[in-house]
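Step one of this worksheet: look at the structure below.
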Amino acid sequence: MTLTLRVLAPDQSVFDGIADEVILPSTTGLLGILPGHISLVTAIDIGVLQVLSNGNWSSIALMGGFAEVEADDVTVLVNGAELGTNIDTNIAEAELEKAKTELDQLITSANSSEKLKAEEKYNRARARAQASNPKS
């Protein structure tokens, strides 16, 4: 048995195919989905979706949204997504380092709006870096 996985962003269909297993970054932690999983709807955090297909793992950076599991169909609707294979690891690592530096500078800042924006930028950069290099 397999799953049908669709990852949809507002501007594109990022993934539409068959999967043996899916690991979602839900807002309550990682959520593993196998064929025969119960139906559910969950919020998706900024993070990395892992897909096992034909014995190979692949990664997709997700920028938050929702996922629905229904009868071996997994539909992920997100604000943005990018296949790990389309992300340049060196650029992603540089962006992560820059975002971390910016966040570190704002850690003691009283302006919570700026700090929240820096945290989101860091989380997005981290997701892209992890998706581009699944070993990290």
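Observations
- Within the stretch 101-118, restricting attention to residues that are assigned to a helix (DSSP H, G or I) and touching a helix residue (DSSP H, G or I) at 6+ places or on another chain (Cβ under 6 Å), the residue that is surrounded by the fewest Cβ atoms within 10 Å (Cβ to Cβ) is Glu114.
- Residues being among the β-branched types (Val, Ile, Thr) and more than 18 Å from Glu70 (Cα to Cα) - total across the stretch 1-25: 1
- Filter result for Pro25 (in contact with a helix residue (DSSP H, G or I) (Cβ under 9 Å, 6 or more places away or on another chain) and either farther than 19 Å from Ala81 by Cα or crowded, with 17+ Cβ neighbours inside 10 Å (or both)): yes
For every residue, the table says whether it meets (1) closer than 25 Å to Val7 by Cα; (2) small (Gly, Ala, Ser); (3) not assigned by TED's automatic domain parsing to the domain that holds Val41.
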| position | (1), (2), (3) |
| --- | --- |
| Asp73 | yes, no, no |
| Leu77 | yes, no, no |
| Ala94 | no, yes, yes |
| Lys98 | no, no, yes |
| Thr101 | no, no, yes |
| Gln105 | no, no, yes |
| Ser109 | no, yes, yes |
| Ser113 | no, yes, yes |
| Leu116 | no, no, yes |
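- When the stretch 1-15 is filtered for residues that are more than 11 Å from Val74 (Cβ to Cβ) and not aliphatic (A, V, I, L, M), the ones remaining, listed by number, are Pro10, Asp11, Gln12, Ser13.
- Top-ranked residue in the stretch 9-30 [being hydrophobic (A, V, I, L, M, F, W, C) and within 12 Å of the chain's Cα centre (by Cα); ranked as farthest from Ala131 (Cα to Cα)]: Ala9
- For the stretch 66-98, a residue qualifies if it is buried (at least 16 other Cβ atoms within 10 Å of the Cβ), without any contact (Cβ under 8 Å) to a residue 60 or more places away in the chain and not in a strand (DSSP E or B), and the qualifying residues are Gly84, Ile87, Ala92, Glu93, Glu95, Leu96.
- Residues of the stretch 9-25 that turn out to be farther than 15 Å from Gly47 by Cα, part of a strand (DSSP E or B) and in contact with a Ser or Thr (Cβ under 9 Å, 6 or more places away or on another chain), as a count: 6
- Scanning the stretch 26-42 for residues that are under 15 Å from Glu68 (Cβ atoms) and either in a strand (DSSP E or B) or in contact with a His (Cβ under 9 Å, 6 or more places away or on another chain) (or both) yields Ser26, Leu31, Ile33, Leu40, Val41, Thr42.
The values are calculated or read from the model by the stated rules, or taken from the named source; none is laboratory data. Values in this document were obtained by computation on a predicted structure and should not be read as measured data. Please note: Cβ atoms are built from the backbone with ideal geometry, for glycine as well, and neighbour counts cover all protein chains shown.
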